[in-house]
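Novice: So that we are looking at the same thing, I have put the structure below in structure tokens.
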Amino acid sequence: MELHLYDTRARQKRKFLPLEEGKVGMYHCGPTVYQRPHIGNYRAFLFADLLRRVFEVLGYEVKQIMNLTDVGHLLADAEEGEDKLEAQARKDNVDPWQIVEQVSELFFADLSALGIQLAHAYPRATEYIDEMVEMIEVLVEKGHAYKVGSNVYFDVHSFDKYGELSGNNIAELEAGARLEINDEKRHPADFALWKTDEKHLMKWDTVFGDNGFPGWHIECSAMSRQFLGDHFDIHTGGEDNVFPHHECEIAQSECAHGGKFVNYWMHTKFLQVDGGKMSKSLANVYSLDDLGDRGFCALDFRFLMMRGHYRSSLNFTFKGLQGAAEARKNLCSFIKRLQSVAGDTSSTAIEFDPLNTARQDFIAALCDDLNTSAAIAAVFTLRSEFMKGDFTADQAAATLDFMLNTVQKVFGDLDYIQCTDDEISDSDVDDLIAQRTQARADKEWAKADEVRDQLTAAGIVVEDTADGIKWHRA
Ligand code: AMP
Ligand code: ZN
């Protein structure tokens, strides 16, 4: 099936054509490791993970790189001002490198809790300073960049495609009041490739002079080139990365090597909270632990993100998270029921209508620019069919195979039990079994099914034996 992806630069969905048959290289702008990433950042990283998983389900060999920004990202994504890492280091009165270590550790623990597959590399900007310097020197040689003392700037007028990604135009940018006044620059819209500041804590002595540090944009141009080459398939980030970050990356990379940089640019819309921006002053910047404190696990959050389309704004609420947790739980109990109906049957080659339809709709939805909500709907339709009854052990085994090896491959592990440490008590199990027996006696089949689902979701296996009903924990 053909895969279509929305390309920000083309402003439309485009058929995906890899640079190399069967392979895809992608680079994602990762976290600035000055504070533990919040759930908004994880929306962007879960999207990157989803993209990789979809490619893998479609049979592609993926090379996935995500950077860690540990220097050069200035407050408010601005051209002037304090470095985010250094501001944090000064505030906490610690070494910036210590913050990098602590935050990276939290980041990797969060990735694991979210069931995000590790990328093939997580390069840190500070480890690629030589590659950045080399690229800046090429830009100076080719006349796209200029030195003023020990600072180096990119000349935006030297690249006629500047603005193509974001839709900005240089004249308007220069007329805009938001650009910082900097007398050194030839044009107000020029941006820094290398800066010098004696007071900077993380600094390097290079051909440009002493006490320098890189601009944020050159980092991703240099690191992506290092791992994926001059020209690669996909680059992603959150919508705020479109301008200036990615616009500037395109200018640097295309001018440095004289050809195309990236074939598809993909951007995740922001996760909002309470209908607005997450902000410290509103105390609505949530971490995964904050969700845990309210009784939700990281996989509930993951499923919530998958229920919405990555290009639609999403408003985070605890009510929405509750809904996602319940939906995920329903899918878990569906898997458990399939396991119990399939028993020892492992034949998966069998085909039948509800499963064929689900498979087709699931993949078609994902191939339509990763329409995850439609893909999830296809799975719930299959579940409803199954709940009507009459599935054979073979059919259950084939459906189980689809759930475990396709659905979970895309959406990650759905296992509800893994997330909860509240074990149901023996007397609650006995109560539920009594309710189920009563519902059966009253021929209330839907109610009986519902109770059985509750039991399977809680990890309870119920067996009807000659000696009456027996149960044990799975
Ligand atoms: P940062 O740590 O600020 O460099 O951001 C890391 C990634 O998270 C970038 O790709 C951002 O675009 C993305 N991001 C930041 N805030 C949000 C949000 N509220 N929703 C979605 N993505 C976000
Ligand atoms: Zn970046």
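Novice: Any idea how far apart A434 and D230 come out in nm if each label point goes 7 Å out from Cα toward Cβ?
Specialist: Reported label-point gap for A434 and D230 is 7.7 nm.
Novice: Another question, then. In degrees from 0 to 90, rounded to the nearest 10, what is the angle of the helix 216-228 Cα long axis to the longest principal axis of the chain?
Specialist: Helix 216-228 sits at roughly 60 degrees to that axis.
Novice: Over the Cα atoms of segment 290-411, what is the Rg over Rh ratio if Rh follows Kirkwood?
Specialist: Ratio of gyration radius to Kirkwood radius: 1.00.
Novice: Then there is this: Using the beta-carbon distance between D210 and A87 and R0 = 22 Å, what value does 1/(1 + (r/R0)^6) give for FRET efficiency, to the nearest 0.05?
Specialist: Efficiency computed from Cβ-Cβ geometry: 0.45.
Novice: Rounding to the nearest 10 and keeping the result within 0 to 90°, find how far the Cα-based axis of helix 393-402 lies from the longest principal axis of the chain.
Specialist: Computed tilt is about 10 degrees.
Novice: So what's the back-of-envelope 222 nm ellipticity for the chain, counting only DSSP H runs of four-plus at -39500 (n - 2.57) apiece and dividing by all residues, rounded to 500?
Specialist: -13500 deg cm²/dmol, from helical runs alone.
Novice: While we're looking at this one, here's another question. Only Lys, Arg, Asp and Glu count, each charged at its Cβ (+1, +1, -1, -1), so figure out the dipole size of the chain about its Cα centre, rounded to 20 debye.
Specialist: 1080
Novice: Within the accessible area of segment 104-208, what % is carbon and sulfur when the probe is 1.4 Å and the other protein chains stay in place?
Specialist: Carbon plus sulfur share of accessible area: 47 percent.
Novice: Taking the Cβ-Cβ separation of K13 and D426 as r and a Förster radius of 45 Å, what is the calculated FRET efficiency to the nearest 0.05?
Specialist: According to the calculation, E is roughly 0.25.
Novice: What does segment 244-360 give for Rg and for Dmax, in Å, if only its C-alpha atoms count?
Specialist: Cα only, segment 244-360: 21.4, 61 Å (Rg, Dmax).
Novice: Something else about it: Evaluate 2.2 N^0.38 Å with N set to the residue count of segment 426-473, then give the Cα radius of gyration divided by it.
Specialist: Dividing the Cα radius of gyration by 2.2 N^0.38 Å gives 1.05.
Novice: Right, something else. Lys and Arg at +1, Asp and Glu at -1: add these up for the other residues within a Cβ distance under 13 Å of G149 and post the number.
Specialist: Taking every Cβ under 13 Å from that of G149, the sum is -2.
Novice: How high is the FRET efficiency between M1 and F108 when r is their beta carbon distance and R₀ equals 45 Å, given to the nearest 0.05?
Specialist: With a Förster radius of 45 Å, E is 0.85.
Novice: Could you work out how far apart the two model spin labels at N371 and K142 are, taking each label as a point 7 Å from the Cα in the direction of the beta carbon, and quote it in nm?
Specialist: 4.0
Novice: Considering only DSSP beta bridges with both partners in the chain, what is the antiparallel share in %, to the nearest 5?
Specialist: Among the beta bridges of the chain, antiparallel pairing accounts for roughly 50 percent.
Novice: With the dipole of segment 290-411 worked out from charges on the C-beta (+1 for Lys and Arg, -1 for Asp and Glu) around the Cα centre, which of G320, T357, A342 lies farthest toward the positive end?
Specialist: Farthest towards the positive pole: G320.
Novice: Carbon and sulfur atoms: what percent of the 1.4 Å accessible area of segment 290-411 do they account for?
Specialist: Carbon with sulfur: 45 percent of the solvent-accessible area.
Novice: Using the scaling law 2.2 N^0.38 Å as the reference, what is the normalised Cα Rg of the chain?
Specialist: Rounded to two decimals, the normalised Rg is 1.14.
Novice: Also, I was wondering about something else. Under a straight-distance cross-link criterion of Cα-Cα below 16 Å, which aspartates and glutamates are reachable from K260, leaving out those fewer than 8 residues away in the same chain?
Specialist: In chain and number order, the partners are D7, E20, D160, E164, D230, D233, E247, E249.
Novice: Using DSSP, restrict attention to beta bridges with both residues in segment 4-268 and report what percent are antiparallel, rounded to the nearest 5.
Specialist: Close to 50 percent.
Novice: What is the dipole size for segment 426-473, taken about its Cα centre, with +1 at each Lys and Arg Cβ and -1 at each Asp and Glu Cβ, in debye to the nearest 20?
Specialist: With only Lys, Arg, Asp and Glu charged at Cβ, the dipole is about 120 debye.
Novice: Relative contact order for the chain: what percent, with Cα pairs under 8 Å and sequence separation of 6 or more?
Specialist: Once divided by the residue count of the chain, the mean separation gives 16 percent.
Novice: Now for a different question. Between 0 and 90 degrees, rounded to the nearest ten: what's the tilt of helix 372-387 against the longest Cα principal axis of the chain?
Specialist: 10
Novice: Relative contact order (percent) for segment 290-411, with alpha-carbon contacts under 8 angstrom and 6 or more residues of separation?
Specialist: Dividing the mean separation by the residue count of segment 290-411 yields 33 percent.
The values are calculated or read from the model by the stated rules, or taken from the named source; none is laboratory data. Note that the coordinates shown come from a computational prediction; the quantities given were computed from them, not determined experimentally. For neighbour counting, all protein chains shown are included, and Cβ atoms are generated from backbone atoms with ideal geometry for every residue, glycine included. Just the protein is used for accessible areas: all its heavy atoms, side chains included, with ligands, DNA and RNA removed. Shrake-Rupley method; radii C 1.70, N 1.55, O 1.52, S 1.80 Å.
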